[in-house]
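Note sheet for the following structure.
The values are calculated or read from the model by the stated rules, or taken from the named source; none is laboratory data. Remember, it's a predicted structure, so these values are computed and weren't measured experimentally. Please note: Cβ atoms are built from the backbone with ideal geometry, for glycine as well, and neighbour counts cover all protein chains shown. Side chains included, ligands, DNA and RNA excluded: accessible areas come from the protein's heavy atoms. Shrake-Rupley method; radii C 1.70, N 1.55, O 1.52, S 1.80 Å.
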Amino acid sequence: MSERSDAQQWLRDGVSQSIRKYRAGEISLKTLIDDLDSVSSNLATSPMGEEIRSQWWVLEETYAVALDQGDLRELPREDALAIEEALNALEQLLR
């Protein structure tokens, strides 16, 4: 395996781990967003980086609205669904 593909696999594994931790309640939505931002920046020139950034944007937008409304603990159902759909899309991408 090349050094580049090893690095990409490491980043993919990191995204998978962050998603798992978020779903288990071990990290916050903000931490997940920051993790995805970091990974998408490192993969900026690849199609995978673009797709990660696309799903990152869904999470970032949802987080920003919740932050503006002052309640990050009780997200409206549609926001929770948007997060779940973004996470599912990311997991599908990482397979």
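For segment 23-44, enumerate the residues that are open to solvent by less than 50 Å² (accessible area, probe 1.4 Å) and in a helix (DSSP H, G or I).
Of segment 23-44, the ones open to solvent by less than 50 Å² (accessible area, probe 1.4 Å) are 27, 29, 32-33, 36, 39-40, 43.
Result: Leu29, Leu32, Ile33, Leu36, Val39, Ser40.
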Original post:
Restricting attention to segment 19-40, and to residues there that are modelled with pLDDT of 95 or more and hydroxyl-bearing (Ser, Thr, Tyr), which single residue is farthest from Leu67 (Cα to Cα)?
Top reply: Tyr22
Subject >> Meets criteria (in contact with a Ser or Thr (Cβ under 6 Å, 6 or more places away or on another chain) and hydrophobic (A, V, I, L, M, F, W, C)) for Leu11 >> reply: no
**OP:** Determine the pairs where a residue that is within 17 Å of Ile52 (Cβ to Cβ) and without any contact (Cβ under 8 Å) to a residue 12 or more places away in the chain, located within segment 4-33, has a partner that is open to solvent by less than 80 Å² (accessible area, probe 1.4 Å) and among the β-branched types (Val, Ile, Thr) with Cβ atoms under 9 Å apart, the partner being 6 or more residues away or on another chain.
**Re:** Lys21/Ile27; Lys21/Thr31
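Quick one: would you say Ala82 is out of contact with any strand residue (DSSP E or B) (no Cβ under 9 Å at 6 or more places or on another chain), aliphatic (A, V, I, L, M), modelled with pLDDT under 90 and not in a loop (DSSP other than H, G, I, E, B)? Walk me through how you get there before you give the answer.
Working: out of contact with any strand residue (DSSP E or B) (no Cβ under 9 Å at 6 or more places or on another chain): yes; aliphatic (A, V, I, L, M): yes; modelled with pLDDT under 90: no; not in a loop (DSSP other than H, G, I, E, B): yes.
The answer is no for Ala82.
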Subject >> Count of residues meeting criterion [at pLDDT below 85 and either surrounded by 12 or more Cβ atoms within 10 Å (Cβ to Cβ) or of a type in the set (S, T, N, Q) (or both)] in segment 45-68 >> reply: 4
